[in-house]
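Peer 1: Okay, here's the structure, questions in a sec.
The values are calculated or read from the model by the stated rules, or taken from the named source; none is laboratory data. None of the values given here were measured: they were computed from a predicted structure. Backbone-built Cβ (ideal geometry, glycine too); neighbour counts: all protein chains shown.
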Amino acid sequence: MAQRVFSQTFAVVGAILEKDGKILFIKEADPTPDQGKWSHPAGWIDPGENPIEAAKREVKEESGYDFEPTALLGIYSLVRKDRTDKLPDVPHAIKLLFVGTISDQQSELASDSAETKWFSPEEIYAMDAQTLRDVDIKQAVKDYFAGKRYPLEVIRHTINE
C-alpha cells in the first residue's frame, strides 16, 4: 500500500448502498481517530487505479458485498479540521460517491471494518460527530433519496504511457 499523506488534497471513492429504504454503514475498526464511528464504505484510490474499479474494491473490502456501480451520486469536498489535534496536516478529501447494485451474499469484512449495519435516513440524520465519521455523509444520503445521479461516463480514466 502506498504511504498516505495529508499535506495535499487527495481522492477517495465510496458508495451509498440502499436496501429497503435503509443505508448500509460500516463501523470503523482501524486504530484511527475515527475508530468506532459509522461511515459509508469508502477508501483511497490507489495510484493508477480507475476510480470505478476502486469503488468496487473498497465496497467489497469494507462491506463484504460485491458492488456494481451504476451512477455517480456526486463529488464531495470534505476538509477535516477536526483532525488537526491528531494529524500533522488538515486532511482534505475529494470523495467520488457511487450508487449501484450489491450482491445478495455478504463475505468476510476487511480488518478495518468492525461490523456493518443498515440505518434508516432518520437514524443517520440524528447522528452526531461522536457516531458519524464524516458530516458530509448526511448530505450524500439526502442526495441519494432526492434521486441525484450522474452517468458513469462523466469519469474519464486515462493512463499516459
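Peer 1: Those residues that are in a loop (DSSP other than H, G, I, E, B) and either modelled with pLDDT of 95 or more or within 19 Å of S120 (Cβ to Cβ) (or both), I need them from the stretch 1-44; list them, please.
Peer 2: Those that are in a loop (DSSP other than H, G, I, E, B) and either modelled with pLDDT of 95 or more or within 19 Å of S120 (Cβ to Cβ) (or both): I16, L17, D20, G21, K37, H40, P41.
Condition check ((1) of a type in the set (G, A, S); (2) surrounded by 15 or more Cβ atoms within 10 Å (Cβ to Cβ); (3) more than 25 Å from T9 (Cα to Cα)) across all residues:
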{"residue": "D34", "(1), (2), (3)": "no, yes, no"}
{"residue": "G74", "(1), (2), (3)": "yes, yes, no"}
{"residue": "V90", "(1), (2), (3)": "no, no, no"}
{"residue": "A126", "(1), (2), (3)": "yes, no, yes"}
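Peer 1: When the residues of the stretch 45-72 are narrowed to those that are surrounded by fewer than 21 Cβ atoms within 10 Å (Cβ to Cβ), of a type in the set (D, E) and modelled with pLDDT under 95, which ends up nearest to I102 (Cα to Cα)?
Peer 2: The residue in question is E61.
Peer 1: Further, regarding this structure: Could you list all residues from the stretch 129-155 that are loosely packed, with under 12 Cβ neighbours inside 10 Å and either modelled with pLDDT of 95 or more or among the hydrophobic types (A, V, I, L, M, F, W, C) (or both)?
Peer 2: Residues satisfying the conditions are A129, A146, G147, P151, E153, V154.
Peer 1: Which pairs have Cβ atoms under 7 Å, sit 6 or more apart or on different chains, and link a residue in the stretch 125-152 that is part of a loop (DSSP other than H, G, I, E, B) to one that is of a type in the set (S, T, N, Q) and surrounded by 14 or more Cβ atoms within 10 Å (Cβ to Cβ)?
Peer 2: Final answer for the pair search is R133/S39; D134/S39.
Peer 1: Tell me yes or no: at least one residue of the stretch 107-118 is among the basic types (K, R), assigned to a strand (DSSP E or B) and either touching a helix residue (DSSP H, G or I) at 6+ places or on another chain (Cβ under 9 Å) or within 25 Å of Q8 (Cβ to Cβ) (or both).
Peer 2: No: zero hits.
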